[in-house]
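Report on the structure given below.
Rule-based calculations on the coordinates, nothing more; no lab input. Predicted model, so just to flag it, every value in this text is computed and none were measured. Cβ sites come from the backbone with ideal geometry, for glycine too, and all protein chains shown count toward neighbours.
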Amino acid sequence: MKEPRMIVNEDGKPVSVILSISTYKKILDELEELEEIRAYDKAKKSTDKILPFEEALDKFKREDV
């Protein structure tokens, strides 16, 4: 199948796209990777204090009691 295949409305305007499952999965994988990169970049720019896991867990337990 030649990709992408477009479905057009009566005016010839593209309204949908048909992709193979493999192409769709590749797009999803790329989007997931991009989201991870953006989250990493946001975390690196953050000025919030970073706590070690054990310290954060202890703090969470103290607040829960």
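With helices as the sole contributors, the chain gives -19500 deg cm²/dmol at 222 nm; each DSSP H run of n ≥ 4 counts as -39500 (n - 2.57), and the sum is divided by every residue. Once the Cα atoms are used to define both axes, helix 53-64 deviates from the longest principal axis of the chain by about 80 degrees. Applying both filters, DSSP loop and at most 13 other Cβ atoms within 10 Å, to the GluC sites (Glu not before Pro) of the chain gives Glu10. With a simple spin-label model that places each label point 7 Å from the Cα along the Cα-to-Cβ direction, the separation between Phe53 and Tyr40 comes to 1.9 nm.
What are the trypsin sites (Lys or Arg not before Pro) within the range 1-50 that DSSP puts in a loop, where the Cβ has at most 12 other Cβ atoms within 10 Å?
Lys2, Lys49
Calculated on C-alpha atoms, the gyration radius of the chain divided by its Kirkwood radius gives an Rg/Rh of 1.35.
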